1. Charges at C-beta only: +1 for Lys and Arg, -1 for Asp and Glu. How large is the resulting dipole of segment 386-462 about its Cα centre, in Debye rounded to 20?
2. For the chain, take the longest principal axis of its alpha carbons; what is the angle in degrees between that and the long axis of helix 266-275, to the nearest 10 within 0 to 90?
3. Where does each of LYS192, LYS49, LYS372 land when they are ranked from fewest to most other beta-carbon atoms within 10 angstrom?
4. Work out, in µm²/s and without decimals, the Stokes-Einstein translational diffusion coefficient of segment 2-218 at 10 °C, 1.306 mPa s, Rh from Kirkwood over C-alpha pairs.
5. Taking all pairs of different Cα atoms in segment 51-132, averaging 1/r and flipping that mean, what Kirkwood radius in angstroms comes out?
6. Quick one: P(r) of the chain from all Cα-Cα pairs, 20 Å bins, percents rounded to integers, in order of increasing distance.
7. Any chance you could give the angle, 0 to 90 degrees and rounded to 10, that helix 469-481 forms with the longest Cα principal axis of the chain?
8. Report the label-to-label distance for THR471 and VAL52 in nanometres (one decimal), using points 7 Å from each Cα along the Cα→Cβ vector.
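Every read-out reported here was derived from the displayed coordinates using simple, explicitly stated rules and does not represent laboratory data. Please read these numbers as outputs of a predicted model, since none were measured by experiment. Positions of Cβ are backbone-derived with ideal geometry, glycine not excepted, and every protein chain shown enters the neighbour counts.
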Amino acid sequence: MKNALDGIFKPKSVAVIGASSRKGSIGRETLHNILLAEYKGKVFPVNPKASVIHSIKSYSTILDVPDAVDLAIVIVPKREVKEVARQCGEKGVKGLVVISAGFSEIGADGKKLEEEVLNVVQNYEMRMIGPNCFGVVNTDPKVNLNATFGKIFPRVGRVGFITQSGAMGEAIMNTARLLGIGFSLVASIGNKADISSNDILEYFKDDSQTDIVLLYLENFGNPRNFTKIAREVSRFKPIVAVKSGRTLLGAKAASSHTGALAGLDVGVDALFDQAGVMRVDTVEELFDVARALSMQPIPKSNRVVVVTNAGGPGILATDALINNGMEMPALSATTVKELKKFISADASFSNPMDMVAGAGPKEFKMTLDAVKEDNRYDTIFPIFVPPVTIDELEVAKHIHESIGDCKKTVLVCFMGAGFSSPGIEYLKKHGIPVYIFPEAVAKTLQTIENYRQRIIASLGKIKTFKVDSDTVKRIVDDTIAAGKDAIVGEEAIEILNAYGIPAAGYQYALNSKEAVDVANAMGYPVVMKINTPSILHKTEKGAVMIDLRTDKEVRSAFTELKGRVKEELKSGDKFTVAMQQHISGGIETVMGMMCDPSFGPLIMFGLGGIYVEVMKDVSFRINPLTTVHAHEMVKSLRSYPLLQGYRGAPPVDIATVEETLLRLSQLVKDFYCFCEVDINPFIASPDKEKCKAVDARFLLRC
C-alpha cells in the first residue's frame with residue numbers, strides 16, 4: 001500500500017491526460033497548477049489534438065510518452081476513462097487520479113461504468129483515487145505537487161486533509177490559508193471506487209510530514225476498518241472530522257426502544273468516540289480545532305486562566321469555559337502578589353484576571369509573564385478588546401513576546417479587531433491562533449480535552465463469560481421453525497438467564513384465582529402483564545399493572561386487563577397473564593441493541609421506563625464492548641448522578657450494571673441472528689440481588 005500510494009503522493013513523473021490550453025478548462029487549470037507549484041518531477045501533457053500545451057511538448061496518448069510515468073491525472077469524458085485506464089496499465093503507471101465525473105454519483109449507469117474502470121485498474125494492479133474528485137496535493141518542498149484545479153496552492157504545514165467532496169475541499173483549503181493553517185498532503189477521494197479514506201488515513205499514519213489529520217466525509221466505505229486504523233493513528237496523530245449527512249438512521253418505525261433511539265447519527269458518534277476521533281459539527285469548528293492543534297501543544301489538563309482588559313468578555317469566556325467542562329482555579333497568592341506590583345488596584349485579581357480597560361501592551365505582557373509561571377494552569381487565554389487609545393498591533397507583539405516560547409497552550413481572542421486586522425495577522429504569523437469570540441475557544445478546548453482524555457484512557461479488554469449458548473440456539477431455532485420473528489415473555493427471560501443476565505422470572509395465570517395463588521406464592525407486591533395476546537410494547541398498550549399489594553387488587557387487575565384486550569383476543573384464544581415479583585428500591589434503566597446498516601450492532605444504555613424515549617438520555621457503543629466502553633456508557637449519562645446516589649439515596653451497584661452490558665455484548669456477538677434487543681426495564685439497585693431485568697424482547701433478522 002505504501003509504495004502504491006507513494007506513486008500518487010510522491011510521483012517522480014506526472015502525466016495530465018486531457019491537458020488543455022483553453023483557459024477555464026479543468027485540463028488547463030490542473031496542468032497550470034502543477035507548473036505553478038514548481039513540481040519537482042517530470043510533467044507530460046497528453047492530448048491527441050495538441051502538439052504543445054503550456055510550452056511543453058504534448059503526446060497523443062500516454063503510450064507515446066518516452067519516459068516512465070508514476071501518476072496519471074485523468075480529465076477526459078467519462079466514456080473514454082476506461083480506455084485511458086487500460087493504456088495507463090500497459091504503460092506501467094502506478095496510480096491514477098480520475099477527476100472526470102459522471103460515474104456512480106449519477107446512478108446505475110454511471111455505477112456500471114465505474115465498475116468497468118475499476119476492473120481495468122485492478123487487472124493492471126494500479127491504484128486509483130476517484131473518479132469525480134478534486135485531485136491531490138503534496139506541499140513537501142521536495143515534491144511540490146498541486147494536481148488539482150483549485151485556485152490556491154495551500155500553505156505548507158503538517159496537516160493531512162482527506163475530503164470526499166471536491167468543492168468542500170477547495171473551500172476548506174482556501175479558508176485554511178487565510179487562517180494560517182498549512183497542509184502536508186491533501187486528497188480528494190470522490191467516489192472512492194478504489195482508494196478510500198481508510199487507505200489514505202493508513203498512509204498518513206507513517207507519513208513523517210503529517211502530524212494532524214482533518215476529515216470531511218459523507219459516508220463510510222468500511223466502518224470497521226476505519227475504527228481499527230483510526231484508533232492506531234489517533235493515539236499519536238490527532239484526527240478531527242466533519243461527517244455530513246446527519247439524517248435519521250432509523251427513519252422506518254422501529255419495533256424496540258433501542259431501535260427508535262438509534263436514529264440520531266449515533267453510529268457515527270460511537271465510531272468516532274471509540275476510535276479517538278474528534279468529531280465537530282461544522283466546518284467552522286473544524287477550523288477552530290485545526291488552528292489550535294496545528295499551532296499549539298495539546299493542553300496537559302483542562303485548567304484555564306483568562307487574562308482580559310474587559311469585564312464583559314471575561315464573563316462570557318468564564319461561562320463558556322465552565323459550561324464546556326473546563327476548570328478555572330483562582331490565581332495563586334504568589335501570582336496575585338506579583339500582579340499587584342504593576343496592575344491598577346481597580347483590577348480583579350481573580351480568574352478571569354480583568355486588568356480593566358486602561359491596560360495596554362505592557363500590562364498584557366507583564367500579566368502574562370506572571371500567570372504563565374503559575375502551575376495552576378495549562379492553558380492561557382488572553383482576551384483583548386481594542387479601545388481607540390491602544391495600539392492593537394503593539395498588544396499583539398507584547399503578547400507574543402511574553403508567551404511566544406511558552407510551553408503551555410495559548411489561544412487568543414481579539415474581539416472587535418476585524419478578521420484580518422494587523423494584530424491578528426501578526427499573531428497568526430507567529431504561530432498563535434486567534435479567535436473572534438471566546439465561545440469558540442471554549443468549545444475548541446472542550447473538543448481537545450475530550451480527545452486527550454480518550455487517548456490517556458485504557459482501551460480496556462473484551463471479557464468472555466461462561467454461558468449456555470445451546471439454550472439460546474434452541475429457542476432461536478424453535479422460533480424460526482414456528483414462523484415467528486420475535487422472542488418475548490418467558491423465552492426472552494430464559495435467554496437472559498442463559499447468559500448470566502439476572503432477570504425476574506414469570507409465572508402464568510389463566511384466571512383471577514390462579515393469579516391470586518401465584519401472587520401469594522411469590523409474595524407481595526407483584527406485577528401483572530398481559531401474556532395472551534402477545535404485545536411487544538406493554539406499557540404503551542396499558543398491558544401492565546404494577547405494585548399490586550392485595551388479593552383484591554390482583555383480582556381487579558386481572559378483570560381490567562382482560563377487558564382491555566377483549567376485542568384483540570382471537571377466537572379460541574384464552575386470556576392469560578404473566579406474574580412477576582415487583583422489584584422496588586432501584587432505578588429503571590434500559591439496555592438494548594440495534595443493527596445499523598453501516599456499523600453493525602450498536603449497544604445502548606440509558607435511563608429506563610417510559611422516559612427513555614422522552615429524555616433520550618442514552619449512550620451507544622459499537623459492539624463488541626470492552627470493559628472501558630461499558631464503564632463509559634454508564635458514566636456518560638446526564639442522569640449518572642442518580643445512579644451514584646442523589647440527595648442521600650444509596651448508589652446502585654454500578655459494577656453489576658456494567659457486567660450486564662458486557663454479557664449483553666457477548667450475547668449479541670455470539671448470535672448474529674438478532675437484529676434488535678430490548679431489555680426494558682433493567683432495575684439498577686443498591687442491592688446486587690435486586691439488579692434484574694424485568695422485561696425483554698428479541699427480534700430476529702427477516
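1. Values: 9 positive and 8 negative charges, 129 e Å.
Around 620 debye, computed over segment 386-462.
2. 60 degrees
3. On the way: LYS192 24, LYS49 9, LYS372 19.
Result, fewest neighbours first: LYS49, LYS372, LYS192.
4. On the way: Rh = 16.9 Å.
The Stokes-Einstein estimate is 94 µm²/s.
5. Values: mean 1/r = 0.0766 Å⁻¹.
About 13.1 Å for segment 51-132.
6. Computed distribution, short to long bins: 16, 36, 31, 16, 2, 0.
7. On a 0 to 90 degree scale, this one is about 80.
8. Distance between the two pseudo-spin positions: 8.7 nm.
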